[in-house]
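So the structure is just underneath, and the comments pick up after that.
Derivation of every value follows stated rules applied to the coordinates shown; laboratory data play no part. All figures in this text were calculated on a predicted structure; none of them were measured in a lab. So basically every Cβ, Gly included, is an ideal-geometry build from the backbone, and we count neighbours across all protein chains shown.
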Amino acid sequence: MTEMQRWEIDAVGLDRLQLHERPMPTPGIGEILVRTEAVALNYRDKMVVETGRGLPLRFPFTPGSDLAGEVAALGEGACRFAVGDRVVSTPTPDWIDGLRPGTARTPAYQTLGGYYPGVLAEYVAMPEVWFAKAPKSLEPWQAATLPVAGLTAWSALAESVRVRAGDTVLIPSTGGVALFGLQIAKASGAEVIVCGQPNNEARVRALGADHFVNAGAEDWMDEVYRITSDRGADIVLEVIGGAHLGQSVELAAVGGHVCQIGALDGFEFSSAAMPLMLKNVTIHGIGTGSRSALERLVRAVDRAGIRPVVDARYPLAELPAAFAHLARGPFGKVVIDMR
């Protein structure tokens, strides 16, 4: 086999997506060739295709950052993996451990499927340091959901605020990051409150949620106060953004933590100052995580039996339909099956 299929755009816009036959890549020095088995989609992938998000895209550009696959060949000097190993991609490949690269003036935003080419291709040849071993307990279509959604939730709860037994965690969503957060929090012994649409209540409770609040109810914040006896939540996974950050601050306990993750409601966040100051609330900015954190997540998934929630799986040729599903707001993740 010398040819493969790869999704590309030659300019910004969903209407520019095309599936092309391309030569299979050859791994260079320090690289591995990975046979892609599954790619999980993130809302960010759709936004990059639609708008470019101000990134220096190099056309033809391949979107996607979350890959699960099998090592097919090793380039010269590559030694972290063996042929046949199952791997997952690291969404921020330059971030190996510790603090994220970048400076105060120029925060780092060098991700796969953005600054770097993406992974929506049958084969990719990339540096071996851009990958981690996949969980042994998951199928590829499940493992592909870890690099962004799983790692973001893990970085917030396990790496940044160190959730522990007895904490109350508030999760105002039922998207991919939110459902990983629910499972990670429960595995840590926390009490979890999920806010969402009523038709998702049974599925959320089946995943372990202790309480469910109708996000569309006018008194939903009062319901959170009632559940916590006015104490509030020790940790809030703020996955909506915009003015919703202010509501999370109000619902946080004294000394609580708000993990700002999403920007579905816009990139300008707002909050009243008094509850933030009087309650000594800490706001954490969360942007995926390091490769080392991903490796810790992989171990936790295998040991705790965490199972990613996948709402739908599409074949490679149906990427536009998968993006449309993503826009409708899935319960969990949307995945492209490459085989």
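At 0.36 nm per residue, minus the direct Cα-Cα distance, what do A104 and A202 gain on full extension? Give it in nm, one decimal, please. Each step should come with its number before you reach the end.
Working: separation 98, 0.36 × 98 = 35.28 nm, distance 4.40 nm.
Value of the extension gain: 30.9 nm.
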Practice item. Return the whole-Å distance between the Cα centroid of the stretch 37-82 and the Cα centroid of the stretch 270-305. Key: 24
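List S173, S160 from most exposed to least, where exposure is judged by having the fewest other Cβ atoms within 10 Å.
Numbers: S173 24, S160 18.
Starting with the residue having the fewest Cβ neighbours, the order is S160, S173.
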Review point. Counting only Cα, what are the radius of gyration and maximum Cα-Cα distance Dmax of the stretch 1-109, in Å?
Key: 15.8, 47
Study note, to complete from the structure: Taking N as the number of residues in the stretch 50-197, the ratio of its alpha carbon radius of gyration to 2.2 N^0.38 Å works out to 1.17
Review point. Between V254 and L17, 0.36 nm times their residue separation minus their Cα-Cα distance comes to what?
Key: 80.5 nm
Point to revise | Sequence-distant residues sharing a close amide H with C195 (under 5 Å, placed H) | key: I171, S173, V213
Check your understanding: Hey, got the dipole for the chain? About the Cα centre, +1 on K and R Cβ, -1 on D and E Cβ, debye to the nearest 20?
Key -> 580
Review point. What is the dipole size for the stretch 182-339, taken about its Cα centre, with +1 at each Lys and Arg Cβ and -1 at each Asp and Glu Cβ, in debye to the nearest 20?
Key: 800
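Taking 25 Å as R0, compute the FRET efficiency from the Cβ-Cβ separation of A324 and W220 and round it to 0.05.
Numbers: r = 29 Å, r/R0 = 1.15.
Approximately 0.30, to the nearest 0.05.
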Review point. On alpha-carbon atoms, Rg over Rh for the stretch 150-285 using Kirkwood Rh?
Key: 0.92
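Using Cα-Cα distances under 8 Å and only pairs 6 or more residues apart, what relative contact order does the chain have, in percent? Could the numbers behind the result be given before it?
On the way: 805 pairs, mean separation 62.7, N = 339.
Across the chain, relative contact order equals 19 percent.
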Study note, to complete from the structure: Measuring from the longest principal axis of the C-alpha atoms of the chain, the long axis of helix 176-187 (C-alpha) lies at a number of degrees, nearest 10, equal to 60
Review point. Residue-wise, which Karplus ³J(HN,Hα) couplings in Hz belong to the stretch 300-305, taking 6.51 cos²θ - 1.76 cosθ + 1.60, θ = phi - 60°, and x for glycine or proline?
Key: 5, 4, 5, 7, 9, x
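Output the antiparallel fraction of DSSP beta bridges having both residues in the chain, as a percent to the nearest 5. List each step's numbers first, then the result.
On the way: 32 of 58 bridges.
Of the beta bridges lying entirely in the chain, close to 55 percent run antiparallel.
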Review point. Of L14, L67, L157, which is the most mobile in a GNM of the chain whose springs link Cα atoms less than 10 angstrom apart?
Key: L14
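For the chain, what does the helix formula give at 222 nm: sum of -39500 (n - 2.57) over DSSP H segments with n ≥ 4, over the residue count, nearest 500 deg cm²/dmol? Intermediate results must be reported in sequence, preceding the final value.
Working: 10 runs with 80 residues, N = 339.
Calculated mean residue ellipticity at 222 nm is -6500 deg cm²/dmol.
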Revision key, fill the gap. Sorting H244, G232, L207 by the position of each Cα along the dipole of the stretch 205-244 (Lys, Arg +1; Asp, Glu -1; all at Cβ), the one nearest the positive end of that ordering is L207
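Rank the residues C79, C195 as a footprinting-exposure proxy: fewest other Cβ atoms within 10 Å of their Cβ go first. Don't skip to the answer; put the middle values down first.
Working: C79 9, C195 25.
By the 10 Å Cβ count, ascending: C79, C195.
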Check your understanding: Counting other C-beta atoms within 10 Å, which of S290, S89 has the fewest, and how do the rest follow?
Key -> S290, S89
Exercise for review: Sort out for me the Cα centre separation of the stretch 234-263 from the stretch 85-163, rounded to whole Å.
Suggested key: 24
Exercise for review: Write down, largest first, the equivalent ellipsoid semi-axes of the chain in whole Å, where each equals the square root of 5 times an eigenvalue of the alpha-carbon gyration tensor.
Suggested key: 35, 20, 19
